[in-house]
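This report refers to the structure that appears directly beneath it.
The values are calculated or read from the model by the stated rules, or taken from the named source; none is laboratory data. This is a predicted model, so every value here is computed, not measured. Cβ placement follows ideal geometry from the backbone for every residue including glycine, while neighbour counts extend to all protein chains displayed. Each accessible area value is taken on the protein alone, full model and side chains, heavy atoms only, with ligands, DNA and RNA left out. Shrake-Rupley method; radii C 1.70, N 1.55, O 1.52, S 1.80 Å.
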Amino acid sequence: MTPLFGELALRGWFPGWLALLLGVAAVASVVLLYRREAGRVSTPMRALMAGLRAATLAAILFLVMRPSWLSETNGERPKAIALLVDDSESMKSRDPRLNFPDKWRTAVALNLVPPDKPMPVNPSAGDLPDATPEKPTRLELAQAVLKHPKLDLIKKLEAVGPVQPAAFGLRRNAKDARDGQWVDLLSGSEPRTAIADACFDLLRRDENEQPAAIVIITDGRENASERSLDDLAAECARLQIPIHVYGVGSSFFGQLRIREAVVNETLFVDDTVSVPVRYRMRGFKDGVVEMVLKLNGQEVARKTVDAKDGEDLKEILSFVPQQKDALSGKQEITTTVRVVSGLETVTDEVTKSVRIVDRKVKVLVVDSIPRWDFKFLQRSLLRDRRVVASFYLTDGDSRAMKSGEPFLPQFPATRPELFDYDLLILGDVPASFFSPDQQVMIREFVAEGGGFLQIAGRNHGPSSYVGTPLADVLPVEIESQKFAIDTGTRPVSYRPDLTPSGVRSAVLSLDDDPVENLKVWKELPEFYWHYPVTKLKPAAEAYLTHPKDRTTDDKPMPIYAAHYYGKGYSVWVGFDETWRWRFNAADKYFSRFWSQGVYVAGVPRTVGTKLTQLSLDTSDPQLGKTGQIYARLYNPDLRPIAAERLEARLERLDAAVDDRDRSLPIELKALPGVPGEFIATIPFNRVGRFALRVDNGSDPASLEYRVALPPDHEQAAGGLAEEQLRKLAEATGGTFHREEDLHTLAASVKPKTAPFSRRDETLLWNKWAMLLVIGLFSVEWIVRKFNSLS
């Protein structure tokens with residue numbers, strides 16, 4: 001430490017020049033005073049007393065000006081060590097510690113094993129203390145380490161530099177290093193973890209105030225920072241501030257969840273069924289994944305692959321339904337994914353109801369003229385062994401129509417004739433072709449379980465359907481449109497966008513591999529025309545949308561959509577150019593697309609039960625979000641139930657029997673203008689399995705779903721993010737530690753110094769100056785007394 005300079009400063013209100021004049025006058029007065037004592041006291045003694053009196057008066061005047069002495073020094077001081085301790089909710093997780101290393105680490109942290117004792121290479125049962133707990137929380141281990149008498153981590157860090165402790169979660173919360181109670185007050189209550197933000201808060205300081213190093217105690221669950229850990233590593237490396245990490249948590253904490261198992265709800269006997277399984281895995285470093293398909297409780301497919309981490313892993317399992325499967329009462333497919341890694345086994349499964357059909361689907365295709373799609377669709381359906389197809393052209397040659405199968409001489413005139421079919425496909429057919437009774441008959445055909453598929457045309461269908469019973473059946477709302485034969489402009493091509501429902505649905509699967517399926521859709525020949533709709537009807541689902549056009553409610557315009565109408569399923573196809581897909585591919589994609597649409601719509605089915613149908617607007621309910629429950633309710637006469645409100649019950653399937661919140665009432669409200677349609681908003685505010693149950697008096701139904709935590713949620717299952725934390729430490733020049741080498745952490749932190757300049761001010765008008773004045777007065781008084789002066 002080197003002093004730079006010193007100077008006198010006057011802080012008082014008394015001016016210096018006046019003090020000087022008063023001082024000169026006072027000295028002159030003192031001299032005159034003691035000149036009068038010439039005969040009584042010797043000259044040296046008079047000079048002494050005059051000097052004492054003058055010094056006293058000068059000191060008083062000096063103190064009146066409130067003098068201070070200013071000095072400035074510079075030097076080097078040790079930089080601080082920032083200690084950041086994770087106080088988020090994830091630190092309350094209880095890790096499964098199944099292998100010996102993780103159990104050993106627990107014993108070290110809890111002072112059951114000396115911290116510098118090497119971990120046994122070939123451990124035995126006696127190497128581990130009996131008192132070692134099985135599942136301590138991460139926070140308990142962190143607190144134990146900070147208070148560990150043998151590790152003495154904080155004191156060893158203080159030997160390197162002043163320790164600045166802080167807890168962090170969503171933000172950094174500084175602690176008083178002098179109060180050791182801060183460790184015990186950590187509660188693991190922060191809802192999110194922002195590791196990078198907490199560190200950047202330190203890096204934004206002045207260069208000389210930045211820490212020499214940052215020591216972080218965390219499980220690495222970064223989920224709230226504005227910037228990434230890679231950004232943090234780059235900035236710390238630039239500033240040469242190393243990050244040393246103590247990773248808390250188990251090295252083995254597997255997380256598994258089936259995202260989706262896509263199964264057609266209609267399966268045919270002797271047909272190969274491919275089931276793409278999408279699942280998410282975290283925390284598995286080795287092991288195998290076993291996937292099993294069971295049909296009606298009997299295993300029908302199995303596949304084993306190596307375990308690996310991933311957010312959207314995919315595998316395909318295939319099987320062939322047999323004749324006996326179609327005879328079963330309740331038909332369902334259960335998909336089970338099991339991960340076996342070391343001593344840990346994690347399992348998840350989903351079950352879906354299906355219908356196995358052992359008969360052909362009867363299809364009636366009606367169009368005005370043989371459009372290109374009609375021609376190729378006719379050939380495709382006639383070759384499909386699972387379909388019996390009939391055709392009728394309203395403007396076709398009457399002789400051809402009367403020539404026999406597969407053509408019909410006329411459209412079915414009676415209910416029995418129409419209801420003999422499973423699916424009605426309408427093309428560009430004018431509504432006027434059907435009598436009013438036939439239009440009502442078509443609507444009733446769908447409401448009572450028949451399938452309906454509309455292929456939009458440019459002349460009549462669906463433009464002429466507005467205001468007719470045919471429009472009621474459609475899943476979209478439309479307006480009459482007229483299309484010019486030649487607009488005089490070059491048509492603009494477009495490629496349809498798959499919605500999330502379209503990606504998941506088997507109806508748009510053009511390849512068994514989901515990844516390849518998306519690739520196929522991006523490479524198919526483009527379309528040039530579509531029929532614009534105003535909006536999607538409530539509870540309808542869009543599978544394909546136009547990439548640019550929007551509906552009146554500013555949503556992507558659906559060009560392939562579907563919904564339930566009564567017991568039947570109605571599909572809207574707003575384009576007529578799938579024949580373009582045959583270029584260089586023949587019927588590979590064309591036939592698969594149309595056959596899947598026929599199977600989905602052509603086989604009678606219901607989502608809930610016969611008269612009550614329930615659906616949820618999301619396939620992945622997550623905590624903190626909300627969902628919409630849609631219900632369609634009909635009476636035994638297949639008439640929509642007319643009510644403003646209906647009561648349902650929401651049950652927690654995994655709740656305890658005595659849980660008061662096990663069953664809660666839910667109010668379903670009628671959708672205006674849509675008879676029989678009801679809706680309710682469901683908050684996903686708890687994790688677990690739920691069932692919505694509706695009982696309309698004649699046909700109860702239920703809808704089961706599962707609410708899961710988002711992947712990055714604090715309480716979501718997941719182990720120590722060792723790879724990310726180790727990468728962060730190494731990229732900054734720091735070190736990563738587990739309990740077995742934690743005793744070396746303090747030695748890894750290197751001291752740094754920062755230059756400083758300090759300006760000090762010493763007040764000269766203090767008690768010592770007052771004692772000086774009093775002393776001078778006293779000495780003069782004593783001298784005067786010894787010289788017999790008053």
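Residues are listed down the side, and each one gets a yes or a no for (1) in a loop (DSSP other than H, G, I, E, B); (2) β-branched (Val, Ile, Thr):
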site: Tyr560; (1), (2): no, no
site: Tyr569; (1), (2): no, no
site: Trp572; (1), (2): no, no
site: Trp581; (1), (2): no, no
site: Asn584; (1), (2): yes, no
site: Asp587; (1), (2): yes, no
site: Arg592; (1), (2): no, no
site: Ser595; (1), (2): no, no
site: Val598; (1), (2): no, yes
For the range 207-223, name all the residues that are of a type in the set (S, T, N, Q) and either open to solvent by less than 30 Å² (accessible area, probe 1.4 Å) or in contact with a Ser or Thr (Cβ under 9 Å, 6 or more places away or on another chain) (or both).
Gln210, Thr218, Asn223
What's the number of the condition Gly188 fails, among (1) touching a strand residue (DSSP E or B) at 6+ places or on another chain (Cβ under 8 Å); (2) at negative phi; (3) open to solvent by less than 10 Å² (accessible area, probe 1.4 Å)?
(2)
Members of the range 166-187 that are outside any loop (DSSP other than H, G, I, E, B) and under 30 Å from the mean Cα position of the chain (by Cα):
Ala166, Ala167, Phe168, Arg172, Asn173, Ala174
Restricting the range 451-468 to residues that are of a type in the set (Gly, Ala, Ser) and on the phi < 0 side of the Ramachandran plot, which is most open to solvent (accessible area, probe 1.4 Å)?
Ser464
Among the residues of the range 771-790, which ones are in contact (Cβ under 8 Å) with a residue 40 or more places away in the chain and loosely packed, with under 13 Cβ neighbours inside 10 Å?
Ser788
Name the single residue, out of those in the range 96-142 being polar (S, T, N, Q) and open to solvent by 30 Å² or more (accessible area, probe 1.4 Å), that is farthest from Glu740 (Cα to Cα).
Ser124
Subset of the range 116-164 (residues that are within 23 Å of Thr218 (Cβ to Cβ), among the acidic types (Asp, Glu) and out of contact with any helix residue (DSSP H, G or I) (no Cβ under 9 Å at 6 or more places or on another chain)):
Glu158
Any idea which residue in the range 469-488 is most open to solvent (accessible area, probe 1.4 Å), counting only those that are in contact with a strand residue (DSSP E or B) (Cβ under 6 Å, 6 or more places away or on another chain) and of a type outside the set (A, V, I, L, M, F, W, C)?
Glu477
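One line per residue, one yes/no per condition, for (1) aromatic (Phe, Trp, Tyr); (2) within 38 Å of the chain's Cα centre (by Cα); (3) part of a helix (DSSP H, G or I); (4) more than 28 Å from Pro165 (Cβ to Cβ):
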{"residue": "Glu76", "(1), (2), (3), (4)": "no, no, no, no"}
{"residue": "Leu83", "(1), (2), (3), (4)": "no, yes, no, no"}
{"residue": "Ser90", "(1), (2), (3), (4)": "no, yes, yes, no"}
{"residue": "Pro96", "(1), (2), (3), (4)": "no, yes, no, yes"}
{"residue": "Trp104", "(1), (2), (3), (4)": "yes, yes, yes, no"}
{"residue": "Asp116", "(1), (2), (3), (4)": "no, no, no, no"}
{"residue": "Leu141", "(1), (2), (3), (4)": "no, yes, yes, no"}
{"residue": "Lys150", "(1), (2), (3), (4)": "no, no, no, no"}
Cross-chain or 6+ apart pairs with Cβ under 7 Å, the range 409-420 first and in contact (Cβ under 8 Å) with a residue 12 or more places away in the chain, then assigned to a loop (DSSP other than H, G, I, E, B) and not basic (Lys, Arg):
Leu418/Pro412; Phe419/Gly450
Are any residues in the range 370-405 open to solvent by 80 Å² or more (accessible area, probe 1.4 Å), within 17 Å of Val429 (Cβ to Cβ) and part of a loop (DSSP other than H, G, I, E, B), and if so, which ones?
Asp395
How many residues are free of Cβ contacts under 8 Å to residues at least 40 places away in the same chain and under 17 Å from Ser591 (Cα atoms) when one looks only at the range 497-522?
3
So which of Leu57, Leu48, Leu63 ends up being free of Cβ contacts under 8 Å to residues at least 40 places away in the same chain, at negative phi and either surrounded by 15 or more Cβ atoms within 10 Å (Cβ to Cβ) or touching an Asp or Glu at 6+ places or on another chain (Cβ under 9 Å) (or both)?
Leu57
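Among Thr552, Thr545, which is touching a Ser or Thr at 6+ places or on another chain (Cβ under 7 Å) and open to solvent by less than 20 Å² (accessible area, probe 1.4 Å)?
Result: Thr545 is the single residue among Thr552, Thr545 that is touching a Ser or Thr at 6+ places or on another chain (Cβ under 7 Å) and open to solvent by less than 20 Å² (accessible area, probe 1.4 Å).
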